[in-house]
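This report concerns only the one structure given below.
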Amino acid sequence: MHFVDIINKKKDKKALTHEEIQFWIDGVVSGSIPDYQTSSLLMAIVLNGMNEDETAYLAKAMMNSGDVIDLTSIPGIKADKHSTGGVGDKTSMALGPMVAACGLKVAKMSGRGLGHTGGTLDKLESIEGFNCFLSEEQFKKQVEEVGIAIIGQTGDLVPADKKLYALRDVTGTVNSIPLIASSIMSKKLASGSDTILLDVKYGEGAFMHNVEDATELANEMIKIGNNLGRNTMAMITDMNQPLGNAIGNSLEIIEAIETLKGNGPKDFTELCMQAGEIMLIQGKITQTKEEARKMLMDAVNSGRAFEKFKEMVKAQGGNTAMLDDTSLLPKSKFITEIKAEREGNVEVLHSEKLGILAMHLGAGRATKEDLINHGVGLKINCKRGDKINIGDTICYVYHDEDLKEEWIKELHEAFVITNEDVKVNPLIEKILK
Ligand code: URA
């Protein structure tokens, strides 16, 4: 097989066979296909797409390019959830313990943040001693005994994706539904859970800018998962404003804890509840949404959901005193209130901008090598559609360095206030299976 023939085939808008896709992925992992040829094929895929069969096979070939975790020794259904990435997204830390407290086994591998989006592992590392790097054996033992583990990737999972993603990042080939779907699903499939709930975000600050594209991506991923025997469902959710109020690592841990105790922001709590309902049904813990909601409410109101989070943190070496007394978590030196300069209705909260501003405070990374400051970030004090007056606090800034005027100006620009009525999209647009 000559790789240039495969590139030409895709350039001519033809579908690749399983053998051709396998030849490519094998060559990516072994290094026998040079980056310039892979980059060329990636661009041809961005421009000419892949059909359902090609995308599903690509996900499978990528999944099998490295270790595949086998969770079958753990009794019961093992569940996973994945968000395509957003600003203020601390869902795994609240939802995971909630459903685990209802008896579902949660086996979750998460990532780090880059650019305007934060990462679950960085957030968890706000807790002193928290260890994201368990061996496969430790991971399985914790899922079985505690009912939940959230860790970074173990072993050599999906090496093909590591190489392809690094190339896509620098060759303008990230934004392609077949490439995103196969990249995400190969990692989900390799991490071994039986059920997968995908939270596909749309809007500003998300990979997909509108509901239609998010739906197409979600359907593509659902097909891949279901074809490989994993019960896969998706929620299409709005990222046209941050999720909840907190953006930044320890601030988000605090918000997750408040939510686990039943005192979280309305939007974030509702997302966790609806996602929890789906996960409990996927995991055959219950059959109806109503029953699932009752179980989740009970787990929260009885304190079991928060206890489960503490149990997980303890099992992973974290200092649980910081969860009982969140003032012990990393803190910023200063807190500055930002006040509205005009009155009206909040029309837009630019989530991408807010994510980048939080990153500039030190809450995120501009490059993979940057260090995180766990104590800094933003706490939004209004949501789209809220009515506000001049002088109302719209945001609290948690910072260590003096705030520059330009930065404050940009923060104000992230809050668009209008005299018109504002129509707010539902947070959860639809649920797909
Ligand atoms: N997240 C991934 O893991 N892969 C993509 O291609 C895009 C987002």
Query raised in the report: How large is ³J(HN,Hα) for each residue in region 425-433, as worked out from phi by the Karplus curve 6.51 cos²θ - 1.76 cosθ + 1.60 (θ = phi - 60°), to whole Hz, x for Gly and Pro?
Result: 5, x, 4, 9, 6, 6, 10, 10, 9
Report task. Starting at the first residue of region 148-165, write each ³J(HN,Hα) from the Karplus equation 6.51 cos²θ - 1.76 cosθ + 1.60 with θ = phi - 60°, in whole Hz, x for Gly and Pro. Result -> 7, 9, 10, 9, x, 4, 9, x, 10, 7, 6, x, 4, 5, 4, 5, 5, 5
**Report entry** Accessible area (Å², 1.4 Å probe, nearest 10) - H2
**Finding:** 130
Query raised in the report: Short version: what are the Cα gyration tensor semi-axes of region 3-49, square root of 5 times each eigenvalue, largest first, in whole Å?
Result: 17, 12, 8
Requested in this report: Quickly estimate the mean residue ellipticity at 222 nm for the chain, helices only: each DSSP H run with n ≥ 4 gives -39500 (n - 2.57), and the total goes over all residues, rounded to 500.
Outcome: -14000 deg cm²/dmol
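Please go through the residue pairs K9/K108; K339/K430; K201/K368; K353/K433 and name each one whose alpha carbons sit more than 28 Å apart in this structure. Can you show the working numbers first?
Values: K9/K108 38 Å; K339/K430 35 Å; K201/K368 23 Å; K353/K433 32 Å.
Listed pairs above 28 Å: K9/K108; K339/K430; K353/K433.
To the nearest 20 debye, what charge dipole does region 331-418 have about its Cα centre, counting +1 at the Cβ of each Lys and Arg and -1 at the Cβ of each Asp and Glu?
Values: 13 positive and 16 negative charges, 65 e Å.
Dipole about the Cα centre, nearest 20: 320 debye.
Got the relative contact order for region 331-418 handy, in percent, Cα pairs under 8 Å and 6 or more residues apart?
Values: 164 pairs, mean separation 42.3, N = 88.
For region 331-418, the relative contact order is 48 percent.
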Query - Cα Rg, Dmax, region 149-252, angstrom units - result: 14.7, 39
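Evaluated at 25 °C with a viscosity of 0.890 mPa s, what Stokes-Einstein diffusion coefficient in µm²/s does region 331-418 have when Rh comes from the Kirkwood expression over alpha-carbon pairs? Kindly include the intermediate steps, with their values, before the conclusion.
Values: Rh = 13.4 Å.
The Stokes-Einstein estimate is 184 µm²/s.
Relative contact order of region 1-118: what whole-number percent is it, with Cα pairs under 8 angstrom and at least 6 residues apart?
Working: 80 pairs, mean separation 27.3, N = 118.
Contact order relative to length: 23 percent.
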Query raised in the report: How are the C-alpha pair distances of the chain spread across 10 Å bins, as whole percents from the shortest bin up?
Result: 5, 21, 31, 26, 14, 4, 0
Report summary line: Going residue by residue through region 369-383, the Karplus relation 6.51 cos²θ - 1.76 cosθ + 1.60 with θ = phi - 60° gives ³J(HN,Hα) values, rounded to whole Hz and with x marking Gly or Pro, of 7, 4, 8, 9, 9, 6, x, 9, x, 10, 10, 6, 10, 8, 10
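How much area per residue is accessible in region 331-418 when the probe is 1.4 Å and only protein heavy atoms are counted (Å²)?
Working: 4600 Å² over 88 residues.
I get 52 Å² per residue for region 331-418.
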**Report entry** Cut-off under 5 Å, modelled amide H: who pairs with L198 long-range
**Finding:** H82, M233, A234, M235
Query - Net dipole in debye of region 3-49 [+1 Lys, Arg Cβ; -1 Asp, Glu Cβ; about Cα centre; nearest 20] - result: 260
Requested in this report: On a C-alpha basis, how far is the centre of region 340-354 from the centre of region 43-102 in Å? Whole number, if you could?
Outcome: 34
Query raised in the report: Once amide H atoms are placed 1.01 Å from N in the peptide plane, what residues at a sequence separation of 5 or more from I417, or on another chain, have their amide H within under 5 Å of its amide H?
Result: E347
Report summary line: Log10 I(q)/I(0) at q = 0.11, 0.14 Å⁻¹ for region 99-222, from Debye over equal alpha-carbon scatterers, is -0.44, -0.73
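Nearest 0.05, what FRET efficiency do R293 and V4 give at R0 = 56 Å with Cβ-Cβ as r? The partial results should precede the final answer.
Values: r = 56 Å, r/R0 = 1.00.
Efficiency computed from Cβ-Cβ geometry: 0.50.
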Report task. Would you please state which residues of region 240-267 a label at K331 would reach in this model, taking the label point 7 Å out along Cα→Cβ and a backbone N cut-off of under 12 Å? Result -> none
Requested in this report: Could you tell me how many degrees, from 0 to 90 and to the nearest 10, lie between the Cα long axis of helix 304-315 and the main elongation axis, the longest principal axis, of the Cα atoms of the chain?
Outcome: 60
Report summary line: If one compares the long axis through the Cα atoms of helix 405-414 with the longest principal axis of the Cα atoms of the chain, the angle in degrees, nearest 10, works out at 80
Query - Between region 178-244 and region 385-407, the alpha-carbon center distance in angstrom - result: 33
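For the chain, what is the percent of antiparallel DSSP beta bridges, rounded to the nearest 5?
Details: 23 of 44 bridges.
Among the beta bridges of the chain, antiparallel pairing accounts for roughly 50 percent.
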Report task. Take the chain, connect every pair of alpha-carbon atoms lying under 10 Å apart with a spring to form a Gaussian network, then pick out the residue of D12, D392, D53 with the largest mean-square fluctuation. Result -> D12
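Return a whole-number percent for the relative contact order of the chain, with Cα pairs under 8 Å and 6 or more residues apart as the contact set.
20
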Report summary line: If unit charges are put on Cβ atoms (+1 for Lys and Arg, -1 for Asp and Glu) and the dipole of the chain is taken about its Cα centre, the option from P178, L198, V143 lying farthest towards the positive end turns out to be V143
Query raised in the report: Most fluctuating residue of F207, F306, F334 in a GNM of the chain with Cα springs under 10 Å: which is it?
Result: F334
Report summary line: Whole-percent carbon and sulfur contribution to the accessible surface of the chain (1.4 Å, no ligands, DNA or RNA) stands at 50
Query raised in the report: Once amide H atoms are built 1.01 Å from N in the peptide plane, which residues 5 or more positions from I394, or in another chain, come under 5 Å H to H?
Result: I338, K339, A340
Requested in this report: Report the one residue of I45, V4, V28 whose Cα lies farthest in the direction of the positive end of the charge dipole of region 3-49 (charges on C-beta: Lys and Arg +1, Asp and Glu -1; origin at the Cα centre).
Outcome: I45
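About its Cα centre, what dipole magnitude does the chain give when the only charges are +1 on Lys and Arg Cβ and -1 on Asp and Glu Cβ, stated in debye to the nearest 20? Each step should come with its number before you reach the end.
Values: 49 positive and 63 negative charges, 159 e Å.
For the chain, the charge dipole is close to 760 debye.
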Report summary line: Placing each pseudo-label 7 Å from Cα in the direction of the beta carbon, N227 and L167 end up separated by a distance in nanometres of 2.1
Query raised in the report: Of M312, F207, N301, which is farthest on the positive side of the dipole of region 78-324, counting Cα position, with +1 on Lys and Arg Cβ, -1 on Asp and Glu Cβ, and the Cα centre as origin?
Result: M312
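The values are calculated or read from the model by the stated rules, or taken from the named source; none is laboratory data. Note that the structure is a prediction, hence the values are computed from the model and not measured. Here Cβ is always computed from backbone atoms with ideal geometry, including for glycine, and neighbour counts include all displayed protein chains. For the accessible areas, the whole protein counts, side chains as well, though only heavy atoms, and no ligand, DNA or RNA atoms are used. Shrake-Rupley method; radii C 1.70, N 1.55, O 1.52, S 1.80 Å.
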